[in-house]
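Remarks on the structure that follows.
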Amino acid sequence: MIILMADAIAWSRPGADWPAPVEYAVAVDRYLSSCSLGQSSRRVYRISLASWAWPLADRPLPTGQRRRGATPPVLPLALLDDDAAGRRLAAAMAARSLQADVRTVNRELSALRSAVGWWLDMGWISHDPTAGLGVPSLPGPRRAPLSEHQLAALFRSEASLREQAFWHLLRDTGVSARHALSLDASAYDKAGQPTAVAVGVAGAVLSGRTSELLRWLLSGRTLGPLFLTERRAIHPTTRADVCPLTGRARMSYRRAAEIFTAATQPLDPAGAGWALHQLRRPRCATADSR
C-alpha cells in the first residue's frame, strides 16, 4: 500500500551548502531524493508532482493519450510564491475533480503538499500555495446519462477494441466501471457471454455487438484480467492483476476514466468530455464514482 500523506514520509535534510534550485523540476528531484520512498511510490510521486507544473504555468493539463509522455513546462520554483499560484491550483483541482475520483485527486494534492512543506522547511519558498485547498468528500452533481444519439456517436468513434468492449459492457449491464474493471477473462465464455462467476453480471443479457467485441478482445484467453493495459506490468504488481500470458496489468479506473473523457471531448458540445457513469442506464444509476 502506498502511503501519500505528508506526515508519513521520512525526510532527510541536506546540508546548508545545498543551494536553492531555480527550476521546479530540479526542486522535485531534490525533494524525492530526500524521501524514504520505495521505487513504486517514488514513481507515483514524480508523476503527481510533474502534473502540477501545467496549472502553475497557467496551462491546461493534457488528458488521455496526450498526457502519457507529455513533457511538463519548465517553470521557476519561485512561481509558487506568486499570488496567483493558489488560484491556479484551485482551478486545476476543480477541473481534475471532474476527470478523476476523489482518492486520485487527494493523492495528487497530498504529494504536492508534502513537497511544498519540505521546500518551505528548506527556505526555498516562503508561501504555501496549497493552503486552503481541499478535495470535495462527496461527488458533485451527476451528469445525465447519455442519450441514444450520443451513444450512437460514441460507438461510431474510432476507439480501440478494448475501449469499445468496455463501454458496450457498461451500457448493457449497468454495473459500475470499477466492477467491470475488476472482472477477469474467466467471467466470460467463448461466446462472450457472462458466466456464473461474473458476480453482479450473471443473468445479464449482452447484446450481440457486445458479445462479439468481448470475443474478439479475449481471442480465446481465459486467464488474467478482462481489461488489460497497453504495456507490461510494472513490478511489483499483484499476481491477480497481471495476465500470465502477456504480462500486462489490469487497467485502472483512473486510466479508463481519462481515456473516456479524452475520447468524448470531440463529441461533447462543451468540449469537456463525458464521464463513465453517464454510460449507465437511468434505472441502473447508483452511487458510481466518476
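Below are the figures for this structure:
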item	result
Per-region count, region 74-106, residues surrounded by 14 or more Cβ atoms within 10 Å (Cβ to Cβ) and more than 19 Å from the chain's Cα centre (by Cα)	11
Residues located in region 177-188, provided they are assigned to a helix (DSSP H, G or I) and either modelled with pLDDT of 90 or more or over 15 Å from SER211 (Cβ atoms) (or both)	ALA177, ARG178, HIS179, ALA180, LEU181, SER182, ALA185, SER186
Matching residues, region 247-282, being assigned to a helix (DSSP H, G or I) and aromatic (Phe, Trp, Tyr)	TYR253, PHE260
Matching entry among GLY117, GLY174 (being in contact (Cβ under 8 Å) with a residue 40 or more places away in the chain and farther than 30 Å from LEU206 by Cβ)	GLY117
Residue check for GLY208: modelled with pLDDT of 90 or more, surrounded by fewer than 14 Cβ atoms within 10 Å (Cβ to Cβ) and closer than 20 Å to ALA152 by Cα	yes
Residue in region 242-259 that is nearest to LEU181 (Cα to Cα), counting only those that are out of contact with any strand residue (DSSP E or B) (no Cβ under 8 Å at 6 or more places or on another chain) and not small (Gly, Ala, Ser)	TYR253
Residue among ARG46, ARG42, ARG87, ARG67 that is more than 19 Å from ILE125 (Cα to Cα) and at pLDDT 85 or above	ARG46
Residues located in region 146-176, provided they are touching a Phe, Trp or Tyr at 6+ places or on another chain (Cβ under 7 Å) and assigned to a loop (DSSP other than H, G, I, E, B)	LEU146
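The values are calculated or read from the model by the stated rules, or taken from the named source; none is laboratory data. Nothing here was measured: the structure is a model prediction, and the numbers come from that model. For neighbour counting, all protein chains shown are included, and Cβ atoms are generated from backbone atoms with ideal geometry for every residue, glycine included.
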